[in-house]
Amino acid sequence: MSSETNVVKVAANLTLACLVSGLVIAGVYSITAPEAARQKELAKTQAMQELVKEADQFAPIAGKTGWFEAKKGGKVLATVLPSESKGYGGPIKLLVAVTPEGKVHDFKVLGHNETPGLGDNIKKPKFKDQFPGKALAQLNVVKQPVADGSAIEAITGATISSKALTVAVREAVEAVAAAKTSATPDHVAGTQPITDPERLQVLRELIPAATGFHTVVGKTAWVAVEKGDQLLAYVLPAESQGYGGVMRLAVAVSTDGKVLAAKTMAHKETIRRADEALAPAYLQNFVGLSLSDLAGGKSVDAIAGATVTSKAVLACVTKALGDVNDYQSGVKG
Amino acid sequence: MSAVRGLWQIFVNGLFESNPIFRLALSLCPALAVTSNVYNAFGMGMSVLFVITANNMAVSLTRKLINAKVRVPVYITSIATIVTVVQLVLEAYFPRLYQELGIYLALIVVFAIILARAEVFAAKNPIIPSMVDGLGMGAGFAGAMVLIGVIREVIGNGTILDIPLFGPNYAPALIMILPAGGFITIGLLIAFFNHLTEVRKQAREKLALQEGGETA
Amino acid sequence: METLNDNRLIVSASPHVRSQETVASIMWTVVAALIPAVLFSIWQFGVKAALVYAFCIGGAVGCEYAIQKLRGVEVTIDDGSAFLTGLLMAMCLPPGLPWFMCLFGAVMAIAVAKHTMGGLGYNVFNPAHVGRAALLASWPVAMTSWTTMPSVLDGVTSATPLGILKQQGFEQVVAVFGNSGNLLQAMFFGTRNGSIGETSTVLLLLGGLFLIYRGIINWHVPVSMIGTVGILAFFISGQGVTGALFHMMAGGLVIGAFFMATDMVTIPITVKGQVIFGVGAGLLVMLIRTVGGYPEGVCYSILLMNCVTPMIDRFVQPKRFGVGGERA
């Protein structure tokens, strides 16, 4: 036998094997694919049904992938949404149901890699049953037993898993709350909630009373601050020329045109007492000031030895007040 | 009669004498990885039983057509096809099993025992004995998997097929469902089977000695 | 002793046990060296500790008897080796561990760690520590639950010092004991929480020194292991000498270094090898204590070094006379 026929034979062998293989797989796939898709769908609704047992319908929420409204006879019982956080052994994936009042209805662990016997106790009733009915403020993990149910008691020996799970539930509740506030007041129509955690941290420190933060239409870097469904204030950056270069402050201006809070974000001041003029204690003096106050001669005394810096801070605040005034009259007019 | 007996011999061979896990020590990876409960162990065992039988038949059927130079690629193609079919079927009809077996299902393709039976047995034998060999090997594998699964689930989780055995106060020895427990269980079982083989061999020798050459 | 006669010319793995009396006398001497610490622990933790001792020792000796019967070899439970394994394991367990866990640990130690390897003298890992590791993997909650001490001593009844260190930092450890002087004193005399037999540094130290004096163990492994921990702790704990002393006395280090890491079957044969073993184990202890997930790592570090013992032996093999070296 010549080597050529051998090569042809070998090629034919392999081609035929692959052809048969392809045909078989394609044939089986055409039969099983619809069933597999159905099963997936079924598993999803089943998971949701387990979560909100009373519900008879799960309607997907537009614009939010994976979010569903669990309804019974048209009445919304809960919002079901996926959530995830990093546990001890990898991501913990959850499906969380949140009531319209913003409390936890229940959750279901979809997947996790926690240590058997320790971390996987997050699925056990002893831990899990602490969650239903909890509001955002009560979703904190503590290690001591809690009698009044004001917090979540960690699983012995699995603090990391307990914390990770609570964070995932918390984030789901927060997301639902954010989606809700974004849905009602007009000032947030067409805006996005702020999600960057570092930015949120700064904003929360600036205005502790706030419950929600959104972008502002047409104003880059501005943040609309809500308390409940009321618009409370705007936080905006303001810049001016200091002694050593441009400085930037974040200024919170309430809807009635007064300074609510201020924080130094960036500066190039180097002179000796400049730090004092940029410190929270000095900025605190500006709180409550309005444009009319400034026009009427009311102001904040400059720090001796850092006059230029103090004046630059005042300029920032004045500018921010003016910007908000312009914006609000523009929106209203 | 003797034909049936021959087939029975082939079948039993896979169950005990050449048990893939305990005697040949092949496919220990799934024996460790998916035996932490009986359900998964049984599902994996059945999948392998099906793949090895179907592949043995396919190889036996085509053994005269396949060029010896490319037999391994062709065998692997055949195994991969069958495994993919199993995967598709499980995904559609046994979603829980499909999820839990995860990556190990696809890994059946490279289980040494399947290629070994194709090469050693199916490539040289007609279809019926090949099928029986596949069934025997598959049953041996599945039996071993279930045995390991039962031991690990009962001790390590206090359940069998998720049914609690010892009541709520039983604190299971978690080590058994962790990988370490898998190693210990398999090691001890292999030792036990080695011991059994030794005992049977000695008994047979004794018998042969007593009966002389009569039964040879 | 038919079997013995048959095997007379077979050379077994080291160490070559020459006579039965030697094994027994060594084992019972080690037990004797542990007696002060054992008595102290029973005084400290009460009946709960005594029960753990009883079940661990009973389980170990019973398991040894059953397996030797099953294997058809000579029953050697009176040589004290199973007794010692059970005793050492109990000393590494928290007081109040349920009885069935004690028995499970004993079976793991004797049946799995010792007899599957071939029995006395063949085991790769320290059986007592294998038992403890298996228990920790099996019942992590029970193995890290420290019950209060009902003793008359004015001890601190909370989590173990290392547990507090892991969770809340060194300041908290000091705060619990009042000041760092009190802390070190409690660590030294044993008026603190911990595994049953590991608390009293001074009594374990006396036992260890007695064994060194009797020539049953040599000082290389304990000194290199505890020394490594001390030196590392001095530099990385951020507490200087206090941190070094704390880490040297904390957890199961003293009992581990003197009584587990000197188990002649599972450690290198040469002095050089033993020093490598001790330093390696010390490094691992500090690695686990400072970076790892567990507060304490003596058990794992000794087991891990047991793993590489054959390799150490290979590397530091003394050259045979006339072999190797350069020719002039």
How far is the Cα center of the range A:115-182 from the Cα center of the range B:120-146, in Å?
51 Å
What does the accessible area per residue of chain C come to in Å², with a 1.4 Å probe and no ligands, DNA or RNA counted?
46 Å²
What is the magnitude of the charge dipole of the range C:161-315 about its Cα centre, with +1 placed on the Cβ of each Lys and Arg, -1 on the Cβ of each Asp and Glu, and no other charges, expressed in debye to the nearest 20?
120 debye
Return the Rg/Rh ratio of the range A:44-117 with Cα-based radii and a Kirkwood Rh.
1.02
Rounded to the nearest 100 Å², what is the buried accessible area between A and B, both sides summed, probe 1.4 Å?
1700 Å²
Averaged over B:86-94, how many beta carbons belonging to a partner chain fall within 10 Å of each residue's beta carbon?
5
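Report, in debye and to the nearest 20, how large the dipole of the protein assembly as shown comes out about its Cα centre when Lys and Arg carry +1 and Asp and Glu carry -1 on their Cβ.
Details: 66 positive and 57 negative charges, 231 e Å.
For the protein assembly as shown, the charge dipole is close to 1100 debye.
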When the Cα centres of the range B:37-52 and the range C:67-93 are compared, how far apart do they sit, in Å?
40 Å
Between the helical axis of A:307-332 and the dominant principal axis of chain A, each derived from Cα atoms, what acute angle in degrees is found, rounded to the nearest 10?
60 degrees
Starting from a Cα-only point model with no solvent, please compute log10 I(q)/I(0) by Debye for the range A:1-135 at q = 0.11, 0.12 1/Å.
-0.58, -0.64
Determine the relative contact order of chain A: mean sequence separation of Cα pairs under 8 Å and six or more apart, normalised by residue count, in whole percent.
8 percent
Averaged across C:104-114, how many Cβ atoms of other chains sit within 10 Å of each residue's Cβ atom?
1
Sequence-distant residues sharing a close amide H with A:Thr211 (under 5 Å, placed H):
A:Glu226, A:Lys227, A:Gly228
Could you look at chain A and say what percent of its accessible area is carbon and sulfur, using a 1.4 Å probe and all protein chains?
56 percent
Rg/Rg_globular for chain B, with Rg_globular taken as 2.2 N^0.38 Å and Rg from C-alpha atoms
1.14
Dimensions of chain C along principal axes (Cα, Å, largest first)?
64, 58, 34
Leaving out ligands, DNA and RNA but keeping every protein chain, what accessible area does C:Thr22 have, in Å² rounded to the nearest 10, with a 1.4 Å probe?
60 Å²
For C:Ile196, the residues 5 or more places away or on another chain with a placed amide H closer than 5 Å to its own amide H are C:Leu93
Out of every Cα-Cα pair in the range A:58-183, what percent are more than 26 Å apart?
20 percent
Highest mean first, what order results for A:158-167, A:297-306 on Cβ atoms within 10 Å?
A:158-167, A:297-306
Apply the a/c threshold of 1.5 to the C-alpha gyration tensor of chain A and tell me whether it is rounded, prolate or oblate.
prolate
Sorting A:Glu69, A:Glu269 on solvent-accessible surface, 1.4 Å probe, most exposed first, gives A:Glu69, A:Glu269
10 Å binning of all Cα-Cα separations within the range C:113-243, expressed as whole percents from 0 upward
10, 29, 37, 19, 4, 0
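Working from the pairwise distances between different alpha carbons, so that the mean of 1/r is found and then inverted, what is the range A:194-332's Kirkwood radius in Å?
About 15.2 Å, per the Kirkwood formula over Cα pairs.
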Give the separation of the Cα centroids, the range C:200-220 to the range A:268-333, in Å.
74 Å
For chain C, return all DSSP H helices satisfying: extent of Cα atoms along own axis at least 20 Å; mean Kyte-Doolittle hydropathy at least 1.6.
C:220-236
So what's the net charge close to C:Gly251: Lys and Arg +1, Asp and Glu -1, counting the other residues with Cβ under 13 Å from its Cβ?
+2
Leaving ligands, DNA and RNA out of it, report the carbon-plus-sulfur percent of the accessible area of the range B:2-211 at a 1.4 Å probe.
70 percent
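Mind running the shape call on the range B:94-216? Use the C-alpha gyration tensor, a ≥ b ≥ c as the square roots of the eigenvalues: rounded below 1.5 for a/c, prolate if a/b tops b/c, oblate otherwise. If you can, show how the numbers build up before the last one.
On the way: a/c = 2.77, a/b = 1.36, b/c = 2.04.
Oblate.
For chain B, return all DSSP H helices satisfying: extent of Cα atoms along own axis at least 15 Å; mean Kyte-Doolittle hydropathy at least 0.0. Can you show the working numbers first?
Numbers: long enough: B:2-15 (20 Å, 0.79); B:38-61 (34 Å, 1.28); B:71-93 (33 Å, 1.36); B:127-157 (42 Å, 1.31); B:179-211 (48 Å, 0.22).
TM-like helix candidates: B:2-15, B:38-61, B:71-93, B:127-157, B:179-211.
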Residues of the range B:48-83 with amide nitrogen under 19 Å from the 7 Å Cα-to-Cβ point of A:Ala12?
B:61-75
What percent of all Cα-Cα pairs in the range C:11-143 falls in each 5 Å bin, counting up from 0?
2, 11, 21, 23, 21, 12, 7, 3, 1, 0
Note down the relative contact order for chain B as a percent, whole number, built from C-alpha pairs under 8 angstrom at least six residues apart.
34 percent
The answer for the net charge of residues other than C:Val61 whose Cβ lies under 12 angstrom from its Cβ, with Lys and Arg +1 and Asp and Glu -1, is -3
Ignoring ligands and nucleic acids, A:Met265 exposes an accessible area, probe 1.4 Å, in Å² to the nearest 10, of 90 Å²
If r is the Cβ-Cβ distance from A:Ser299 to C:Gln168 and R0 is 41 Å, what FRET efficiency results, to the nearest 0.05?
0.25
By accessible area with a 1.4 Å probe, ligands and nucleic acids excluded, highest first: order of B:Phe11, B:Phe192, B:Phe141:
B:Phe192, B:Phe11, B:Phe141
Which of A:Gln241, A:Val308, A:Ala262, positive extreme of dipole for chain A (C-beta unit charges):
A:Ala262
Residues whose modelled amide H sits under 5 Å from the amide H of A:Ala262, counting only those 5 or more places away in sequence or on another chain, are A:Ala252
Based on alpha-carbon positions alone, could you give the equivalent ellipsoid semi-axes of the range B:1-67 from the gyration tensor, as √(5λ), descending, whole Å?
26, 17, 12
Compute for chains C and A the buried accessible surface, both sides summed, probe 1.4 Å, and express it in Å² to the nearest 100.
300 Å²
Taking beta carbons within 10 Å but only from partner chains, what does the mean come to for residues C:133-145?
5
Relative to the longest principal axis of chain A, what angle (0 to 90°, nearest 10) does the C-alpha long axis of helix A:197-206 take?
30 degrees
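Work through the residues other than B:Leu61 whose Cβ is under 15 Å from its Cβ and net out their charges, Lys, Arg +1 and Asp, Glu -1.
+4
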Using a Förster radius of 56 Å, what is the FRET efficiency between C:Leu209 and A:Glu84 based on their Cβ-Cβ separation? Nearest 0.05, please.
0.50
All Cα pairs of the protein assembly as shown, percent lying beyond 46 Å:
50 percent
Semi-axes of the range A:14-56's equivalent ellipsoid from the Cα gyration tensor, sqrt of 5 times each eigenvalue, largest first, rounded to whole Å?
39, 8, 4
How would you rank C:280-292, B:90-102, A:32-44, highest first, on the average number of other Cβ atoms within 10 Å across their residues?
C:280-292, B:90-102, A:32-44
Between the Cα axis of helix A:159-183 and the main Cα principal axis of chain A, the angle (0 to 90°, nearest 10) is 70 degrees
Rounded to the nearest whole Å², what accessible area per residue is found for the range B:2-211 with the 1.4 Å probe?
48 Å²
Taking all protein chains in place and a 1.4 Å probe, what share, in percent, of the accessible surface of the range C:11-143 do carbon and sulfur account for?
71 percent
Let me see the P(r) profile for the range C:161-315: every Cα-Cα distance counted, bins of 10 Å, each bin given as a percent of all pairs.
12, 42, 34, 11, 1
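The values are calculated or read from the model by the stated rules, or taken from the named source; none is laboratory data. Nothing here was measured: the structure is a model prediction, and the numbers come from that model. Please note: Cβ atoms are built from the backbone with ideal geometry, for glycine as well, and neighbour counts cover all protein chains shown. These accessible areas exclude ligands, DNA and RNA; they are computed on the full protein's heavy atoms, side chains included. Shrake-Rupley method; radii C 1.70, N 1.55, O 1.52, S 1.80 Å.
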